[in-house]
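Where a number appears in this text, it was derived from the coordinates with a stated rule and is not lab data. Just so it is clear, the structure is predicted and the values come from calculations on it, not from any experiment. As a convention, Cβ positions derive from the backbone with ideal geometry for all residues, glycine included, and neighbour counts pool all protein chains shown.
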Amino acid sequence: DQQVKQNSPSLSVQEGRISILNCDYTNSMFDYFLWYKKYPAEGPTFLISISSIKDKNEDGRFTVFLNKSAKHLSLHIVPSQPGDSAVYFCAATTGGYQKVTFGTGTKLQVIP
Amino acid sequence: DSGVTQTPKHLITATGQRVTLRCSPRSGDLSVYWYQQSLDQGLQFLIHYYNGEERAKGNILERFSAQQFPDLHSELNLSSLELGDSALYFCASSPTSGGAMKQFFGPGTRLTVL
């Protein structure tokens, strides 16, 4: 049972354009969401997070949007840079709970 | 560098064998998480320890076990290995035990079972 889904395995975007990575979840108990970025041969690194009491969180070029009614969140990267090329994982958890559920990842390629 | 170390980086072994993966969390972090990433799969949560105590279990097989020692390092023991256990195993740490706390991941141990 894949409770967190990233339906696009890969995405290619031109440098300078917007990258939009999508994530859907099925568990309505999830109330905190995180995005991690992973380069080859490295562990994932935390990127940005959002609580379910918000619908938007921004950090520099990265913005996460949350649509609770649709159980959907998205990560926007503007402008995209070649260094953003990596695999992006969406993750979800319930407040105070210990388990974090990850999606399968989307491989982003930013073309110079 | 996340500050989380994992050894060994690579491990090649045969079916039926037993291996131990080691993780040292960031200085001061009390929580350690273990994840498995198989080919084309997301990170599957295995188990979480906080200050030596098991706090949560995910899809961890009975052949797998873990522990966190008084110095806070953790070991993941995999026994009776099968071909399907070949995967990347990540350890992550965080200062406290809340799932919402961002986690710092190690570089992973790549296990190959032949």
Starting from the Cα of B:Ser80, step 7 Å toward the Cβ, then list every residue of segment B:1-34 with an amide N under 18 Å from that point.
-> B:14-20
Which length gain, in nm to one decimal place, applies between A:Lys54 and A:Leu11 when the Cα-Cα distance is subtracted from 0.36 nm times their residue separation?
-> 12.8 nm
Between B:Arg110 and A:Asn67, how many nm apart are label points set 7 Å from Cα along the C-beta direction?
-> 3.9 nm
Separation of alpha-carbon centers, segment B:49-114 and segment A:16-71, rounded to whole Å = 24 Å
Starting from segment B:49-114, pick out the GluC sites (Glu not before Pro) whose DSSP state is loop and whose Cβ has at most 12 other Cβ atoms within 10 Å.
-> B:Glu62, B:Glu82
Fewest Cβ neighbours within 10 Å first, please rank A:Asp24, A:Asp59 accordingly.
-> A:Asp59, A:Asp24
Return the distance in nm (one decimal) between the two label points of a simple spin-label model at B:Thr20 and B:Thr5, each offset 7 Å from Cα along Cα→Cβ.
-> 1.7 nm
Which GluC sites (Glu not before Pro) from segment A:3-112 combine a DSSP loop assignment with at most 14 other Cβ atoms within 10 Å?
-> A:Glu15
From the Cα gyration tensor of segment A:36-112, with a ≥ b ≥ c the square roots of its eigenvalues, which class applies: rounded if a/c is under 1.5, or else prolate if a/b is larger than b/c, or else oblate?
-> oblate
